[in-house]
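The block underneath contains the structure these notes are about, expressed in structure tokens.
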Amino acid sequence: MQRVLNQLLHFFDSLKRGIYILLSNLLEKAAFFLIFLFIARLFPKDVFGLISASFAFANILASIFEGGLNFYFQRESAVDNPNLKTELNNGFNLRLLLFIPYVAISSLYFFITGNAFFLTSFFIAIAVFTFSVNNLFNSVLFGKNEYKTSFIFLLISRSLLVMIIICKTYFNAGIEIIALIFALSGIVHTGLLFRDLHNKQLSPHIGAVDTSVIRRILISALPMGVGMIMVWIYDRVDVILIRNYMDYSSVAIYAVAYSLFKLPQSFANFLLTPLFSEMSVLFREKGFLPIRFVKNKAITLLLFTIPSVFLLYYLSSFIITNLYSINYLDSVPILQLLALCIPGLLLNNFTGTTLNSCRKERTVSISVMWAAVVNIGLNIYLIPLLGLTGAAIASIITEYFSFLYQFICILRYRLFKDIHDNNNNVRNLAV
């Protein structure tokens, strides 16, 4: 009984320390969830499917150009890197340079695929790139545990998204205006973050990129970046393939189920985001992670995970029909399948966070690279065979594969150690 009580106390302590992370993720997810819900209910299925596919492609492309810098600057900000200002300035200018190929590739893709709403997709691409820059700046706040400040800035910027509902309701705005407001919300967020960095004397300025500085950063950041690219690919490639094999209406049905399935991940970030900073500092000081610390965090995550599975599985029909209407009833069996994937998804995020904080970025990159290969292969095989059910099965197999691969690597590297209170002996738990 005492052990259960202690674990619950640890859960609420983690929740208290990560409350602004939780609020930020709730705000971000709620804002986009409600806007996408609004679009799904008021626009035809194929338009909603096109919006979902455009966001999927833009996010994959943006992740390719991020290069792992967001993770790098959160970690270096957490450990008070004396060269942070210089490195952040170079990282920002590199991101600006990559804007040109990003826009060119996005435009070419939307043109080649015969996109009937080219301007809408273009504005979405601009919005996603802006969000990417904001994540770069925000990583400094996360590294310094300034989660409250980050939340306030996000609250201000995302409140602009309410304009979408106002514009559509009172001015009957088209889908292009709605996409433009996404971009404007991101630009406002950029301004707020930039001002905060200026107050910290960390604000970057537009200028040339110092190749020697960038090379040093990328040696550490790129492995994390490659890992993030692969995550985005296997997280979004199913939408792209569904669009190629089926149609935009099928994309819409799958996107509804997938967006609900991803909700627990957003909420769980109240633990995972600050955990990356905590683990980075612990590993730098000790050279390992205390097993008791890791165990408490893992149990806390599972306490959140299990109710999420039951909620989404057994209430899937009620949730979808009441939120999205009867038109999306076909999303119910897809959501029920994806609900079984939630433990693998969150545990996979936990092991990835652990490896990255212990500077095993290359291992994470290799694991998610294999996961992407598995996911793409399964989707190519299963979607023509089973349709949307095949895409859901591919996601389930991929998440558990990635978790098991990373967990085995953690044991092999002996990253967890048990410190006995009675003496200074350390016993490796890995075999």
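The values are calculated or read from the model by the stated rules, or taken from the named source; none is laboratory data. Given the structure is predicted, the values throughout are model-derived calculations rather than measurements. Cβ sites come from the backbone with ideal geometry, for glycine too, and all protein chains shown count toward neighbours.
Of the numbered conditions (1) buried (at least 17 other Cβ atoms within 10 Å of the Cβ); (2) over 30 Å from F261 (Cα atoms); (3) of a type in the set (A, V, I, L, M, F, W, C), L23 satisfies every one except a single condition; which is it?
(2)
In region 31-46, how many residues are among the small types (G, A, S) and under 11 Å from L161 (Cα atoms)? Even if it seems obvious, please write down each step before you answer.
Initial filter on region 31-46 (among the small types (G, A, S)): 31, 40.
With under 11 Å from L161 (Cα atoms) added as a condition, the list becomes 31.
Selection size over region 31-46: 1.
If you check every pair at least six apart or on different chains, which have Cβ atoms under 6 Å apart with a residue in region 334-355 that is over 25 Å from F283 (Cβ atoms) first and a residue that is of a type in the set (D, E, K, R) second?
Going by the 6 Å Cβ cut-off, the qualifying pairs are C341/E399.
Could you give me the residue pairs with C-beta distances under 7 Å whose first residue belongs to region 47-74 and is within 20 Å of T353 (Cβ to Cβ), whose second residue is among the small types (G, A, S) and at pLDDT 85 or above wherever it lies, and which are 6+ apart or on separate chains?
If the second residue must be among the small types (G, A, S) and at pLDDT 85 or above, the pairs left are E66/S132; L69/G91; N70/S139; F73/G91; F73/S139; Q74/S139.
Report whether or not F118 is aromatic (F, W, Y), within 19 Å of L98 (Cα to Cα) and modelled with pLDDT of 80 or more.
Numbers: aromatic (F, W, Y): yes; within 19 Å of L98 (Cα to Cα): no; modelled with pLDDT of 80 or more: yes.
The answer is no for F118.
What residue, of S395, S325, S331, S317, is over 19 Å from Q265 (Cα atoms) and either surrounded by 22 or more Cβ atoms within 10 Å (Cβ to Cβ) or touching a strand residue (DSSP E or B) at 6+ places or on another chain (Cβ under 6 Å) (or both)?
Values: S395 fails: over 19 Å from Q265 (Cα atoms); S325 fails: either surrounded by 22 or more Cβ atoms within 10 Å (Cβ to Cβ) or touching a strand residue (DSSP E or B) at 6+ places or on another chain (Cβ under 6 Å) (or both); S317 fails: either surrounded by 22 or more Cβ atoms within 10 Å (Cβ to Cβ) or touching a strand residue (DSSP E or B) at 6+ places or on another chain (Cβ under 6 Å) (or both).
Just one listed residue meets the conditions, S331.
Just checking, how many residues over region 39-50 are surrounded by fewer than 17 Cβ atoms within 10 Å (Cβ to Cβ) and either in a helix (DSSP H, G or I) or at pLDDT below 75 (or both)? Spell out how you get there, then give the answer.
If we filter region 39-50 for residues that are surrounded by fewer than 17 Cβ atoms within 10 Å (Cβ to Cβ), which is where we start, we get 41-42, 44, 46.
Applying the additional criterion that residues be either in a helix (DSSP H, G or I) or at pLDDT below 75 (or both) yields 41-42, 46.
Qualifying residue count for the region: 3.
Scan the helices (runs of 4 or more DSSP H) fully inside region 312-404 and keep the ones with 1 or more residues being under 30 Å from F293 (Cα atoms).
Values: elements: 316-324, 331-339, 342-357, 361-386.
Result: 331-339, 342-357, 361-386.
Do we find a residue being surrounded by fewer than 21 Cβ atoms within 10 Å (Cβ to Cβ), in contact with a helix residue (DSSP H, G or I) (Cβ under 9 Å, 6 or more places away or on another chain) and among the hydroxyl-bearing types (S, T, Y) anywhere in region 226-236?
No, because not a single residue in region 226-236 is surrounded by fewer than 21 Cβ atoms within 10 Å (Cβ to Cβ), in contact with a helix residue (DSSP H, G or I) (Cβ under 9 Å, 6 or more places away or on another chain) and among the hydroxyl-bearing types (S, T, Y).
Please find, within region 92-145, the residue that is farthest from F32 (Cα to Cα) out of those that are among the hydrophobic types (A, V, I, L, M, F, W, C) and touching a Lys or Arg at 6+ places or on another chain (Cβ under 7 Å).
Of region 92-145, the ones among the hydrophobic types (A, V, I, L, M, F, W, C) are 92, 94, 96-100, 103-105, 108, 110-112, 116-119, 122-129, 131, 133, 136-137, 140-142.
Then keep just the ones that are touching a Lys or Arg at 6+ places or on another chain (Cβ under 7 Å); that gives 133, 136.
On the way: V133: 18, L136: 20 Å.
Result: L136.
Select from region 272-303 the residues that are over 16 Å from A78 (Cα atoms) and hydrophobic (A, V, I, L, M, F, W, C) and list them in ascending order.
Passing the criteria: F288, L289, I291, F293, V294, A298, I299, L301, L302, L303.
Any residue at all in region 295-310 that is in contact with a strand residue (DSSP E or B) (Cβ under 8 Å, 6 or more places away or on another chain), among the basic types (K, R), at negative phi and not in a loop (DSSP other than H, G, I, E, B)?
Initially, region 295-310 is screened for residues in contact with a strand residue (DSSP E or B) (Cβ under 8 Å, 6 or more places away or on another chain), giving none.
So far as region 295-310 goes, no, none of its residues is in contact with a strand residue (DSSP E or B) (Cβ under 8 Å, 6 or more places away or on another chain), among the basic types (K, R), at negative phi and not in a loop (DSSP other than H, G, I, E, B).
Of the residues L404, L388, which is closer than 24 Å to V226 by Cβ and either at pLDDT 95 or above or not small (G, A, S) (or both)? Spell out the reasoning first.
Numbers: L388 fails: closer than 24 Å to V226 by Cβ.
Exactly one residue qualifies, and that residue is L404.
Which of (1) more than 22 Å from the chain's Cα centre (by Cα); (2) over 23 Å from T149 (Cα atoms); (3) surrounded by fewer than 17 Cβ atoms within 10 Å (Cβ to Cβ) is the odd one out, the single condition N81 does not satisfy?
Against the list (1) more than 22 Å from the chain's Cα centre (by Cα); (2) over 23 Å from T149 (Cα atoms); (3) surrounded by fewer than 17 Cβ atoms within 10 Å (Cβ to Cβ), N81 comes up short only on (2).
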